[in-house]
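Nothing in this text is a laboratory measurement; each read-out follows from the coordinates by a stated rule. Model, not experiment: these values are computed from the prediction. In this analysis, Cβ positions are derived from the backbone assuming ideal geometry, glycine residues included, and neighbour counts consider all displayed protein chains.
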Amino acid sequence: MIVTPMLRGSLCANAHPDGCAARVRRDIAYVQSRPPVTGADRPRSVLVIGGSAGLGLAARTATAFGAGAATLNVCQETPGTATRTGTAGWYNTAELEARLRQAGLYGRTVVGDAFSDAVKEQTAQTIHDDLGQVDLVVYSLAAPRRTDPETGEVRRSALKTLGAPFTAKTYDSATGEVGRTTVEPATRQEIDDTVAVMGGDDWRRWIDALGAAGVLAPDVTTVAFSYVGNTRLAPTYRAGTLGRAKDHLEATGRALDAELRGAGGRALTAVMRAMVTQASSVIPAQTLYTVVLTRVMLEMGLQEGPIEQAHRLLTKRLYSGLHERQTVPHPTTDELGRLRLDDLELRPDVQAEVDRRLALVDTATIGELGAPCVHRAESLALNGFGLPDVDYEADTDPVRDLADPLRVPAGAPRRPARG
């Protein structure tokens, strides 16, 4: 079939398999163009929970092609059929694992609901059978809902403020218009639900399950992604329901770190910069901020995307060789124990210029003060559209197979304990 983007507002409802593959190859090429990670403490066996898109995919790519690590991915993606395209995450994973095989690297995917106990148990079994143990666990889930594994209750996150409404400028990438939006305050239930979905509870359940199964290396590192962002827009993120969830995630990281440290392990949260991802596109007022931030960082020569951020996390924070595990078990963190990969975004000169432009920007000046064309191109590229050297007028096969996926259907029973 010939695949063209199906836009629903600013979101793309389909994906181009060849374009997704091209984007994965571009990221691999970036990692291979950088110095490899060769230290004795580099990751060798990696689990990425949510490794089919965004920062999770970037982390998997960086550890595999930057450190030569075996990588196991957990995701919930949909394959294509003869009449319908699959999700971008499916195509990303299919291409990445094809390239892993060509490079002689282990790569496999567990397909199912990462929040479920059944998927955790299947993943632990696969690590046991294929890898023995993992020495790096990357937690990169961003989902709008979660089924509580204890009660079966479906919890849904809410992107709202706390206490009072907040009005801010917003950008509609579908129309190109700058307008205003008001974000309403959350109820107590909505706050609790958002923390349940996007906080640290599931990260802890993963680490507890893997530890109980004996598949965590004694010196395991686990890292989850967080965000702080612009002070002006704090009510829509860090001072809102999402911020409560990130507070819980970061507190969970500190608790896990205290538990893992005795055997030589560590747990960290990494605060990343604002980027164009599937998850960030639905956060109120975030799109305009990202459009303006992108222009400022491009002009200052500071621009990074997910693959650049993931590679910098790997080589400059977690495994830089500057910190011997035996004497300094933690790289430099802030006062809350967080790695700061948002250091360039939050530079005072960057934020001052972003704030100046946000105060001035309107529909007539968005092209001058922001980077709407770059934002649109990056948004389309998430689903495989607009990539150079891809013939979008040619027929393409929407069916792309994973070599050996481990599918865990919804509602699957827990596995019996290993004897």
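Provide T363, T151, T222, T93 in ascending order of the number of other Cβ atoms located within 10 Å of each residue's Cβ, fewest first.
Details: T363 13, T151 8, T222 26, T93 29.
In increasing order of surrounding Cβ atoms, one gets T151, T363, T222, T93.
May I ask which of K120/K246; K160/K316; K246/K316 have a Cα-Cα span longer than 26 Å here?
Checking Cα-Cα distances, K160/K316 exceed 26 Å.
Based on a Kirkwood Rh over C-alpha pairs, give the Stokes-Einstein translational diffusion coefficient of segment 100-255 at 4 °C and viscosity 1.567 mPa s in µm²/s.
This corresponds to a translational diffusion coefficient of 73 µm²/s.
Using Cα pairs under 8 angstrom and six or more residues apart, how large is the relative contact order of segment 265-389, in percent?
On the way: 102 pairs, mean separation 50.1, N = 125.
Normalised by residue count, the contact order of segment 265-389 is 40 percent.
Could you order peptides 115-123, 31-39 by the average number of other Cβ atoms within 10 Å of their residues, highest first?
115-123, 31-39
Which one of L406, L339, L216 has the biggest mean-square fluctuation once the chain is modelled by GNM with Cα springs under 10 Å?
L406
Pick from E299, E77, E95 the residue whose mean-square fluctuation is largest in a GNM of the chain, springs joining Cα atoms under 10 Å.
Top of the fluctuation ranking is E299.
Can you give the log10 of the normalised intensity I(q)/I(0) at q = 0.10, 0.16, 0.18, 0.23 Å⁻¹, computed with Debye over equal Cα scatterers of segment 35-166?
-0.38, -0.85, -1.01, -1.40
Which of C12, C20, C373 has the fewest other C-beta atoms within 10 Å, and how do the rest follow up to the most?
Ordered by Cβ neighbours within 10 Å, fewest first: C373, C12, C20.
Given the -39500 (n - 2.57) contribution per DSSP H run of 4+ residues, what per-residue ellipticity at 222 nm results for the chain, rounded to the nearest 500 deg cm²/dmol? Don't skip to the answer; put the middle values down first.
On the way: 12 runs with 147 residues, N = 419.
Counting only the DSSP helices, I get -11000 deg cm²/dmol.
Give the order of F225, F166 when sorted by the count of other beta carbons within 10 angstrom, beginning with the fewest.
With the sparsest Cβ surroundings first, the list reads F166, F225.
For segment 186-191, in order, what is each residue's ³J(HN,Hα) by Karplus, 6.51 cos²θ - 1.76 cosθ + 1.60 with θ = phi - 60°, in whole Hz (x at glycine and Pro)?
7, 7, 4, 5, 5, 5
In whole percent, what relative contact order does the chain give with Cα contacts below 8 Å and a gap of six or more residues?
Relative contact order for the chain comes out at 24 percent.
What per residue convex hull volume, in Å³, comes out for the chain when only alpha-carbon positions are used?
Details: hull volume 61.2 nm³, N = 419.
In the chain, the Cα hull volume divided by residue count equals 146 Å³.
Let me check the size of segment 181-294 from its C-alpha atoms; what are the radius of gyration and Dmax in Å?
Gyration radius and largest Cα-Cα distance of segment 181-294: 16.1, 49 Å.
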